[in-house]
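One structure below.
None of the figures in this text is laboratory data; all of them are computed from the coordinates on show. Here the structure is a predicted model, which is why all the values come from computation and not from measurement. We place every Cβ from the backbone using ideal geometry, glycine too, and count neighbours over all the protein chains shown.
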Amino acid sequence: MPKGGRKGGHKGRVRQYTSPEEIDAQIKAEHERAQEAELEEGGGGAAGGDPTKPKKDQSSDESDDEDDEDYQQKRKGVEGLIDIENPNRAAQTAKKVTQVDVELPKELSRREREEIEKQKAKERYMKMHLAGKTDQAKADLARLAIIRKQREEAAKKKEEEKKLKDSTGAPAKGMQSLSLNK
């Protein structure tokens, strides 16, 4: 047996349609009720004249504008009964493309700000490093100075050894060459 204890669901039932005449009658009734309420607010029924004719003056035009605004901001459920003052609730307003200011500086997110600060800090460090003002640059320069001294000493030793070989090795070579030519 299906849920609910009945055979069949709601889908196979006969639909009831409202005729256009009934819709027109409902609209007229609502319009008349609104006019009567307006006349009661405006100072009774004697000053209003014919209740079926809408009143056209400055006050009704202003109230029509207010009614249009209320109609556009129709509230759901009990929102119309309870005033809500939530400071955290942001009213969503759609901006047109013409109203958006492209020239204004865009507020950066926390991650973007941190990334930019990181890049700037890296550039500052590189400038100081190239100028030799950082601890690492000083250590590198000291190491390079030691290596240069070692290389200079090694180059001097090689030159001295070469001079010694040239001075001592020249007569021996000549003798060998003489003996081979015999």
Over the stretch 85-131, how many percent of alpha carbon pairs lie in each 5 Å bin up to the one with the longest distance? 4, 15, 9, 12, 15, 14, 10, 7, 5, 5, 3, 1
How many nm separate the modelled label positions at Lys138 and Glu41, each set 7 Å beyond the Cα in the direction of the Cβ? 8.2 nm
